[in-house]
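**Student:** Next up is a structure, given as structure tokens.
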Amino acid sequence: MMTKLRILGYGKALAQKPITNDDLSKMVDTNDEWIYSRTGIKSRYVTIDENTSDLGYRASCMAIDDAQINANELDIIIVATMTPDKFTPSVASMIQARLGIENANIYAFDINCACSGFIFALKIAAKLLEPGQKALVIGAETLSKIINWQDRTTCVLFGDGAGAMIVSADENAQSAAFYLHTINDDQQVLFANGISLDSAEQRYGNIQMKGQEVFKFAINAMSEAIIKVLEEADITLDDISLIIPHQANLRIIKAVAKKMNIDLDKFYINLEKYGNTSAASIPLALADANDQQMLGNNKKIIMVGFGAGLSYGACLLQI
């Protein structure tokens, strides 16, 4: 069933410290050419003294300003993250408190669907919103906290950041289409351990990934999600102005474009600056595209991503 959504505002927040490929070459056995040729990444940002809620709050303030609304007009806050500040309360609840929201009907919660999280959160918002209501949907991560900075296969990929979007349920808006799916990760190709039951030491595990398996999964998953969401909306690729993919690896995006015979220029790409920011990557890209005046005028766009789970999905909006 199609849901009618209107985007009211965009926001983003970058972490405090930029780290270039040359900076990483001083930490591990790597160099700029090796990283860029394999990933398309030149730099990324990491936090110094901020948490996920701090980044999410900054992105939220920008989205609220962009939407020209008062925070008390919000009815729902959903944060997609795999790196929350705490087990509880949720990052969404912490952001609600910092925004000073006194709306008696508001509720806030987090979801964890890794790099696919923002699309899943947007789908949830679309299902929960009643006519006239507004939702703040955020993707925020501080992945630097769960990276092994001595592992060159992963530390070169990830960065910290947040993106936010305010949407409303509006019968006069165009319909949104979604496609979401998860498959079993029986081989544990992408994961980060939590607290071990065998140890009293309470700490997170580092991100671990089987690169080639993730690469193959990502190409098939994103291609499938694009096809399925187009079928749901009953339109073709020719009707799409822009595709906002999860910013994981340039080679993955190029492979999807080649497999589906899509001009690479139709994909919005900013991973060179930020790296893979997991659930933040798609809303960060949306905010950047909006800043560059690439959105609006009733353009049809597709957001598509993949992540641990293994999860993947797409959303088609007219904005």
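The values are calculated or read from the model by the stated rules, or taken from the named source; none is laboratory data. This one's a predicted model, so the numbers in the text were calculated from it and none came from an experiment. Cβ sites come from the backbone with ideal geometry, for glycine too, and all protein chains shown count toward neighbours.
**Student:** With Tyr274, Tyr312 as the choices, which residue is within 22 Å of Ile235 (Cβ to Cβ) and among the hydroxyl-bearing types (Ser, Thr, Tyr)?
**Tutor:** That would be Tyr312, the only listed residue that is within 22 Å of Ile235 (Cβ to Cβ) and among the hydroxyl-bearing types (Ser, Thr, Tyr).
**Student:** Looking at segment 224-250 only, could you name the residues that are within 20 Å of His181 (Cβ to Cβ), in contact (Cβ under 8 Å) with a residue 60 or more places away in the chain and part of a helix (DSSP H, G or I)?
**Tutor:** The answer is Glu224, Ala225, Ile226, Lys228, Val229, Leu230, Glu232, Ala233.
**Student:** Next question. Among the numbered conditions (1) part of a loop (DSSP other than H, G, I, E, B); (2) not assigned by TED's automatic domain parsing to the domain that holds Arg98, tell me where Pro131 comes up short.
**Tutor:** The single condition Pro131 does not satisfy is (2).
**Student:** May I pose another question? Take the conditions in a loop (DSSP other than H, G, I, E, B), at pLDDT below 95 and surrounded by 17 or more Cβ atoms within 10 Å (Cβ to Cβ) and apply them to Ala173. Does it pass?
**Tutor:** So Ala173 passes the test.
**Student:** Any residue at all in segment 87-104 that's under 21 Å from the mean Cα position of the chain (by Cα) and either among the hydroxyl-bearing types (Ser, Thr, Tyr) or under 27 Å from Glu272 (Cα atoms) (or both)?
**Tutor:** Yes, segment 87-104 contains at least one residue that is under 21 Å from the mean Cα position of the chain (by Cα) and either among the hydroxyl-bearing types (Ser, Thr, Tyr) or under 27 Å from Glu272 (Cα atoms) (or both).
**Student:** Another question, if that's okay. Could you look through segment 42-67, keep only residues that are more than 29 Å from Ile7 (Cα to Cα) and part of a loop (DSSP other than H, G, I, E, B), and pick out the one that is modelled with the highest pLDDT?
**Tutor:** Lys42
**Student:** Now for a separate question. What are the residue pairs meeting all of these: first residue in segment 105-119, first residue touching a residue at least 40 places away in the same chain (Cβ under 8 Å) and outside the structural domain of Leu190 (by TED's automatic domain parsing), second residue outside any helix (DSSP H, G or I) and aromatic (Phe, Trp, Tyr), Cβ atoms under 8 Å, and 6 or more apart or on different chains?
**Tutor:** Partner pairs satisfying both residue conditions: Cys115/Phe306; Ser116/Phe306; Ser116/Tyr312; Ile119/Phe178.
**Student:** State all residues of segment 1-34 that are outside any strand (DSSP E or B) and not hydrophobic (A, V, I, L, M, F, W, C); if no residue qualifies, say none. Even if it seems obvious, please write down each step before you answer.
**Tutor:** Start the filter on segment 1-34 by keeping residues that are outside any strand (DSSP E or B), which leaves 1-2, 15-16, 21-34.
Of everything in segment 1-34, those that are outside any strand (DSSP E or B) and not hydrophobic (A, V, I, L, M, F, W, C) turn out to be Gln16, Asn21, Asp22, Asp23, Ser25, Lys26, Asp29, Thr30, Asn31, Asp32, Glu33.
**Student:** Take the conditions outside the structural domain of Tyr10 (by TED's automatic domain parsing), surrounded by 21 or more Cβ atoms within 10 Å (Cβ to Cβ) and either in contact with a helix residue (DSSP H, G or I) (Cβ under 6 Å, 6 or more places away or on another chain) or in contact (Cβ under 8 Å) with a residue 24 or more places away in the chain (or both) and apply them to Leu180. Does it pass?
**Tutor:** Criteria not met by Leu180.
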